[in-house]
């Protein structure tokens, strides 16, 4: 029996392990047991955009607050402020899908830079 070209290419790629790291491999298809919703793509798009906007808003808040925290003159208050921002970022990251998360602040690095600038 002749194997169609496309099936041969797929089989060879599978054997070479080229599909091993594909997201969702080995996992059930999301919502497969739910009734069909013709607007599923629109609902997912809206949810993704809401998460993206929430991430952008938090990033803007961090950009506004970080200079204010670093303007303080007491190191332990700066550390407390940076850790407070990191707590908000971590809570946000736990509530959004991967890809909409924000990086945590590097508290120790920021404190070292602050100390260097202030001659401490």
Quote the relative contact order of the chain in percent (integer), defining contacts as alpha-carbon pairs under 8 Å separated by 6+ residues. 20 percent
Which entry in (i) 10; (ii) 53; (iii) 18 matches percent of Cα pairs over 26 Å apart derived from the coordinates of this structure? (ii)
Stretch gain in nm, segment residue 109-residue 53, where the contour uses 0.36 nm per residue and the Cα spacing is subtracted: 17.4 nm
Rg followed by Dmax, in Å, when the stretch 67-120 is reduced to its Cα trace: 12.9, 42
To the nearest 10 degrees, how steeply does helix 75-95 sit against the main Cα axis of the chain, on a 0 to 90 scale? 20 degrees
Placing each pseudo-label 7 Å from Cα in the direction of the beta carbon, residue 6 and residue 116 end up separated by a distance in nanometres of 5.6 nm
Ranked highest first by the average count of other Cβ atoms within 10 Å around their residues, in what order do 21-30, 63-72 fall? 63-72, 21-30
Report, to the nearest 10°, how far helix 40-70 tilts away from the longest principal axis of the Cα atoms in the chain, using its own Cα long axis and a range of 0 to 90°. 20 degrees
Modelled FRET efficiency - R0 35 Å, residue 32 with residue 61, Cβ distances, 0.05 increments: 0.40
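Bear in mind these aren't lab numbers, they're just calculated from the coordinates by the rules spelled out. Just so we're clear, the structure is a prediction, and the values are computed from it rather than from any experiment. All Cβ positions, glycine included, derive from the backbone under ideal geometry; neighbour counts span all protein chains shown.
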